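Have a look at the structure below, then the notes.
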Amino acid sequence: MSKDLSDSANRKKLKKSSFALPEQEKYPIPDIEHARNALARVAQHGSESRRRRCGLRSRRSTRA
């Protein structure tokens, strides 16, 4: 599978379960590299509730 997910033909080849929001087919996560990147983005920019949903600790608790 090509990693160019900006191409709609490649995105259509993915299973629904390969998306973070499968009902909307948003945020494709077809492999481990994309999964790691998605977790990093949530840790960097996500709200506290999103970090908790992803199993990431809050910034405050990791500094203590």
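Scanning segment 27-47 for residues that are of a type outside the set (S, T, N, Q) and at pLDDT below 80, which turns out surrounded by the fewest Cβ atoms within 10 Å (Cβ to Cβ)? Spell out the reasoning first.
Of the residues in segment 27-47, the ones of a type outside the set (S, T, N, Q) are 27-36, 38-43, 45-46.
Of the ones still in play, those that are also at pLDDT below 80 are 42-43, 45-46.
Numbers: VAL42: 17, ALA43: 16, HIS45: 9, GLY46: 16.
Among them, the one singled out is HIS45.
Counting only residues that are at pLDDT 80 or above and of a type in the set (S, T, N, Q), which one in segment 1-26 is surrounded by the most Cβ atoms within 10 Å (Cβ to Cβ)?
SER18
Got a number for residues in segment 28-45 being within 11 Å of SER18 (Cα to Cα) and of a type in the set (D, E, K, R)?
Total meeting the criteria: 1.
Find the residue count for segment 1-39, including only residues that are closer than 15 Å to CYS54 by Cβ and small (Gly, Ala, Ser).
3
The values are calculated or read from the model by the stated rules, or taken from the named source; none is laboratory data. Because the structure is a prediction, the values reported are computed rather than measured. Methodologically, a virtual Cβ is constructed for each residue, glycine included, from the backbone with ideal geometry; neighbour enumeration extends over all protein chains shown.
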